[in-house]
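Have a look at the structure below before the remarks.
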Amino acid sequence: MRFLDYLSLSLRSLRRSRMRSLLTIFAIVIGATGITVMLTFVTTVKNLTVASFVKTGQIEQIQIAQATDLRYDPTGMSVQSGGGSLSGDGSTSSTTQLTSALETKISKVPHVVSVAAVLRSRSPAISNIRFKGKDWVVQSVLGYEPTGALTPAVIAGRDLKAEDSGNQLLISKNYADVLGFSGKYESAIGVHITLHTMEGYTGAGANLPTRLPPMHQCAQNQRKCFGGPTSGLPAIDIPATIVGVLDNSENGDQPLIMMPLGAYIDIYNQSQPANVQFAPQNNQQGSGNNGGNNGGNNGNQQPSGPGVVVGGWSRPSVTTFIANQGGFDSFMAKADDVTHVAEVASAIARFGVGTSTGLKALNDQKAQANIIGLVLGGLGLIALLIASLGVMNTMIMSVLQRTREIGVMRALGARRKTIRRIFTIEATAIGFFGGLIGVIFGSIFVLVAKPIITNMAKSGSLTGATFTVPPWLMLAVIAGTSGIGFLSGFFPARRASNLDPVEALRYE
Amino acid sequence: MAEGDNQMDGIKLSQVTRTYTLGSEEFNALNKVDLQIPNGDFVAITGPSGSGKSTLANIIGGLDKPTSGKVLVNGQDLSNLKDAELSSFRNKTIGFVFQSFNLKGDSTALENVMLPLIFAGISPKERRVRALECLDRVGLADRAGHLPNQLSGGQRQRVAVARAIANKPTVILADEPTGNLDSSRGEEVIEMLTQLNRDGITLLVITHDKDVAKHAHRRIEVRDGLVHEKGL
Ligand SMILES: Nc1ncnc2c1ncn2[C@@H]1O[C@H](COP(=O)(O)OP(=O)(O)OP(=O)(O)O)[C@@H](O)[C@H]1O
Ligand SMILES: [Mg+2]
């Protein structure tokens, strides 16, 4: 007997009890649709994650920091896996400082294409950004070398380039939002904004006079107060240009500004007076000639009157500045190929620093997506298992209803195996059609949801979403539901084939 | 069969017993039956209800197995056959005709006649030709596309006869073939079966109807599981 003959006998019986068949199939459709939609979503997210890691070059990145439990961060911020920033408690940290010398050594590790050093603001040299007369507080500023190793994901504009020597900025999405570019991030590109410094600022662009204004009283935790002998100096405005808008979702959308390392050091490396002589004030402390060597720890002293800078101003060398910061916060190294990432990472780790790779971060994210997929798929599977009870019930009904027909077929020469196959195929067909319709429904759902999701994704990392049901998923769902149909039909079919033909023929 | 003698051909039952067990009670539906039916014979089987007529027919047709004793059909011992062989035996050697027609209600007359040919593994093309031939033989070629509920009772039974002969069996077992028909429709069916017998098929007809029985060459009566020869 050929398969088509079995099929036509099986389908005929499905058609005879149309309502019952449809309801049974529909139960399968529900589960199949759910699985199709949910797994499509998970797969899409996974594919987009991979694509974004590849596109941004993150997949080839090795992040390096003192923290040995470093969590990879594509913006170069060095974050410990505990979640805290390295500058905080620094619980598990090596003693190896990230110096320029180390950067050179890393750049010579085989398969390393480029390295970028990253510094993160500790002191609030820039207190806020100014745009159209309004101020927004600045929290984190990051300076990095635009060598191509660190390539933060931008949703508009571009990353920094090696030629960017001035105050080109990448601002995080939430800054762009408050600046009024929400949803039209492209229009933020090229916009000039102002970086407003602290009072007492003595970095690049500051006017460094020989006569200092009176020091400012510093209350505790007063953000705008540097304290120290220069604290009376006025704040200045530094012009800057937005060249890119950052997707900072990796950092939990912390507000962030990134700029070229050179410009960053110019601003944050503050000049200091060699010595300051203060005029006495209220005769309280006498002529205080406290050295202005360590600007900032005078906060608890009485304010002094105007002072005179003696011995001129000087600025720490870049090396000293970086050493004072405790070294660079992190390096980002880039391997020539994704296959060398692990090798490069372990070679760098031998320098006594912590490493973390984009590849591992990607795999972690993929693993997470897989777990979500398993949970969602599991829910769909439960729906399918319930539906399979329906198939079983339908098949038992079908066997009962057709008992006499089974007897007749046996009399006409059908073997036990033939009867079993007819019913097995009938049950498998229920599963097959359920899966097929489920995949069709799922695809329609995905098609309808696509513009909505793409719209939602526009502001996030899912830009350019390719939200379609993958062919392997279609096949897997149909194969799966067919399999469930087959299994559900197994026992009823066996029962049918084991019927005694004489009894079956007598059945009313 | 090499000798072609009557021992090998035809149907031969020896000491056939069919016992049903109901709880602790044993009941012999057939009790040590010896019976020989040569090929080409036309036998009418009569007897009171519950005497074991259908049991006898089912055992000869390979639908049921005797509790003890031997059944030979054309020299083949049915008790030794596996399911596949026994099914093939029913398919090729036996044609069943039932009292209540037992057509598949969702299939046309033609499809019903094709069913045993499907089980025989005959190609769709040949199946169709042969089924049409059989329908023609029972005079229903023009009703090939009708569903059973679009046919009269007599026509349905004629479709059943066409189905029984589709695979060119050597034996037709008809269990009360006229039981659901009025006398003239019944007569038509019997006429048809008689014609098939004339063409060489062994015909066993179970019937209550004396008019039907009188067409037969031989009459046997089953009573309390025992077979008695009855003269014509
Ligand atoms: N499955 C069974 N279990 C117990 N007894 C059975 C079973 N099948 C048949 N019998 C008994 O076997 C006997 C013979 O049954 P059979 O069907 O052969 O009778 P029959 O001669 O064909 O009767 P009828 O003319 O009414 O069709 C009956 O007494 C019946 O009760
Ligand atoms: Mg009977």
* Structure fact -> By residue number, the members of the stretch B:42-95 that are within 12 Å of another protein chain (Cβ to nearest Cβ), closer than 27 Å to B:H215 by Cα and more than 13 Å from ligand 1 (Cβ to nearest atom) are B:G62, B:R90, B:N91, B:K92, B:T93, B:I94, B:G95
* **Answer residue from the stretch A:229-252, given it is part of a loop (DSSP other than H, G, I, E, B) and at pLDDT 75 or above and is most open to solvent (accessible area, probe 1.4 Å) among those** => A:P234
* Please specify each residue of the stretch B:175-205 satisfying the condition of being within 16 Å of ligand 2 (Cβ to nearest atom), in contact with a strand residue (DSSP E or B) (Cβ under 8 Å, 6 or more places away or on another chain) and more than 11 Å from B:F42 (Cα to Cα). => B:D175, B:E176, B:P177
* Provide a single number: the residues in the stretch B:24-41 that are away from ligand 2 (no atom under 16 Å from the Cβ) and either among the hydroxyl-bearing types (S, T, Y) or within 14 Å of another protein chain (Cβ to nearest Cβ) (or both). => 1
* **Close pairs (6 angstrom Cβ cut-off, 6 or more residues apart or separate chains): in the same structural domain as A:M258 (by TED's automatic domain parsing) in the stretch A:171-182, of a type in the set (F, W, Y) anywhere** => A:A176/A:Y185; A:V178/A:W136; A:L179/A:F131
* Restricting attention to the stretch B:145-171, which residues are part of a loop (DSSP other than H, G, I, E, B) and within 13 Å of chain A (Cβ to nearest Cβ)? -> B:L147, B:A166, B:N167, B:K168, B:P169
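Taking the stretch A:342-378, which residues are under 22 Å from A:N47 (Cα atoms), of a type in the set (G, A, S) and touching a residue at least 24 places away in the same chain (Cβ under 8 Å)?
A:S356, A:G358, A:A361, A:A369, A:G373, A:G377
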* Asked: Is it the case that B:L140 is away from every other protein chain (no Cβ under 14 Å) and within 16 Å of ligand 1 (Cβ to nearest atom)?
  -> no
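Across the stretch B:8-23, which residue is nearest to the other protein chains (Cβ to nearest Cβ) among those that are away from ligand 1 (no atom under 13 Å from the Cβ) and open to solvent by 60 Å² or more (accessible area, probe 1.4 Å)?
B:Q15
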* Pairs where the first residue, in the stretch B:44-60, is part of a helix (DSSP H, G or I) and the second is open to solvent by 20 Å² or more (accessible area, probe 1.4 Å), C-beta under 6 Å, 6+ apart -> B:S54/B:D175; B:T55/B:R18; B:A57/B:D175; B:I59/B:P66
* the stretch B:155-188, residues that are surrounded by fewer than 21 Cβ atoms within 10 Å (Cβ to Cβ) and among the small types (G, A, S) -> B:G179, B:S183, B:S184
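Given the residues A:L98, A:L70, A:L102, which is the only one that is away from chain B (no Cβ under 14 Å), buried (at least 21 other Cβ atoms within 10 Å of the Cβ), out of contact with any helix residue (DSSP H, G or I) (no Cβ under 9 Å at 6 or more places or on another chain) and modelled with pLDDT of 85 or more? Show your work before the answer.
On the way: A:L98 fails: out of contact with any helix residue (DSSP H, G or I) (no Cβ under 9 Å at 6 or more places or on another chain); A:L70 fails: modelled with pLDDT of 85 or more.
Going through A:L98, A:L70, A:L102 in turn, the sole match is A:L102.
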* So which pairs qualify, if the first residue must be in the stretch A:3-32 and within 14 Å of chain B (Cβ to nearest Cβ) and more than 22 Å from A:L385 (Cα to Cα), the second must be in a helix (DSSP H, G or I) and of a type in the set (F, W, Y), the Cβ gap must be under 9 Å, and the two must be at least 6 apart or on different chains? -> A:D5/B:F119; A:S10/A:F423; A:S13/A:F423
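The values are calculated or read from the model by the stated rules, or taken from the named source; none is laboratory data. Computed from a predicted structure; not experimentally measured. Cβ sites come from the backbone with ideal geometry, for glycine too, and all protein chains shown count toward neighbours. These accessible areas exclude ligands, DNA and RNA; they are computed on the full protein's heavy atoms, side chains included. Shrake-Rupley method; radii C 1.70, N 1.55, O 1.52, S 1.80 Å.
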